[in-house]
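Please treat every number below as a calculation from the coordinates, not as lab data. Everything numeric in this text was worked out from a predicted model, so none of it was measured. Glycine gets a Cβ as well: all are built from the backbone with ideal geometry, and neighbour counts include every protein chain shown.
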Amino acid sequence: MTRDSEAQAYADLQPDHILEALDELGFRCDGRFLALNSYENRVYQVGIEDERPIVAKFYRPGRWSNEQIAEEHAFTSELAHAEIPVVAPLKIAGKTLHRSGPFRFAVFPCHGGRAPDLDDMDLLEQLGRLVGRIHLVGRTSDFEYRPEIDIDSYGVSSCEFLIERGFIPPDLLPAYESVADLVLDGVQACFEQTGAISTLRIHADFHPGNVLVHGERLHIVDLDDTRTGPAIQDLWMFLSGDQEEQLPQLDALLEGYTEFCEFDARELRLVEALRSLRILHYAAWIARRWDDPAFKIAFPWFDTNRYWDEHVLALREQIALMQEAPLEWRPF
């Protein structure tokens, strides 16, 4: 089957296809379906007769190879084996990645919960400990197939795609090209000022939406974007507000983190650089999926002049932030 035909089948994925795929693995569904908040893949909570629901994740064709998905699953399972509360894929008939017709999919246990309260310093410290434990495992070996977070893939290629495919409104194109060049120069400068740092296997998309809080328990979900990168990538997305507000958040995260891993304070110079890369990458991610009707429904503001005005403004702000002194961490 060609990639185009797989993409068309994915776009036309229906409940009957999900039922058939799960039935082939021995699951007896009771007809309850709930589409979960995922755009890159199709993810559903599915009711199972006389048992707890499961989560079925159907992978978008063309994004990851089988080897890259298998490496993600192996890393997640490695973390679960170390008793870190990640939601790992179920191994069925010796495999975690399955195929049903044109569809590649995996099955996960179902866990509920709410988003974390980032004003809760005890919770941030707990999150820091979890990230430290993840990185302790992440340092034990390297990815062979998963990519690395870098300026070219997250920044340069994102800008090029948006410009070449005509997503930037013509009247904003000169401003966008100018500000994007300055942002990329600023990111490069931050990495050069930081110097050589170690990288490791990380979650890479660790933000509050990928943490579920249930009572006193946390579960970490969605390692779909796991990559090789610097440790700070799994910490900075829990920092919010201005620098004065971020300092106690950083202290709480690193107090927990350093119970398990050393932290190289030079990486704090990368916080705004990584935030800048994420802004660029996020816009290009939506653009790359714009042919998917689900994206037009979820992001109706994306092709408006107002969005691109605000996007350029956000990039200008990042240029200034990257020139400021980085956050300062004083170990206890």
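Among Y59, G113, P147, which residue has its Cα furthest toward the positive end of the charge dipole of the stretch 34-186, with +1 on Lys/Arg Cβ and -1 on Asp/Glu Cβ?
Result: Y59, furthest along the dipole toward the positive end.
To the nearest whole percent, what portion of all C-alpha pairs in the chain is separated by more than 24 angstrom?
More than 24 Å apart: 59 percent of the Cα pairs in the chain.
What value in Å³ per residue do you get for the convex hull of the alpha-carbon atoms in the stretch 3-109? Mind showing how you got there, number by number?
Values: hull volume 11.4 nm³, N = 107.
Per-residue hull volume (Cα only) is 106 Å³.
Going by how many other Cβ atoms sit within 10 Å of their own, how do M237, M121, M322 line up, fewest first? Don't skip to the answer; put the middle values down first.
Values: M237 19, M121 15, M322 23.
Ascending Cβ contact count within 10 Å gives the list M121, M237, M322.
So what is the calculated 222 nm ellipticity per residue for the chain, using -39500 (n - 2.57) for each DSSP H run with n of 4 or more, over all residues, to the nearest 500 deg cm²/dmol?
For the chain, the value works out to -13500 deg cm²/dmol.
Comparing H81, H111, H135, which has the greatest mean-square fluctuation in the GNM of the chain with Cα pairs linked when under 10 Å apart?
Of H81, H111, H135, the most mobile in the Gaussian network model is H81.
Give the residue from V187, C159, Q323 lying farthest towards the positive end of the charge dipole for the chain; charges sit on Cβ (+1 for Lys and Arg, -1 for Asp and Glu) and the dipole is referred to the Cα centre.
Highest projection toward the positive end goes to C159.
Could you tell me which of G215, A284, S240 has its Cα farthest along the dipole of the stretch 121-323 towards the positive end, charges placed at Cβ (Lys, Arg +1; Asp, Glu -1), taken about the Cα centre?
G215
I need to check one value: relative contact order of the chain, counting alpha carbon pairs closer than 8 Å and at least 6 residues apart, in percent.
Relative contact order, the chain: 19 percent.
Which order results if V213, V43 are arranged by neighbouring Cβ count within 10 Å, fewest first?
Arranged by neighbour count, lowest to highest, V213, V43 become V213, V43.
Could you tell me how many cubic angstrom of Cα convex hull volume the stretch 237-300 has per residue?
129 Å³
Taking the Cα centre of the chain as the origin, how large is its charge dipole in debye, to the nearest 20, when only Lys and Arg (+1) and Asp and Glu (-1) carry charge on their Cβ atoms?
880 debye
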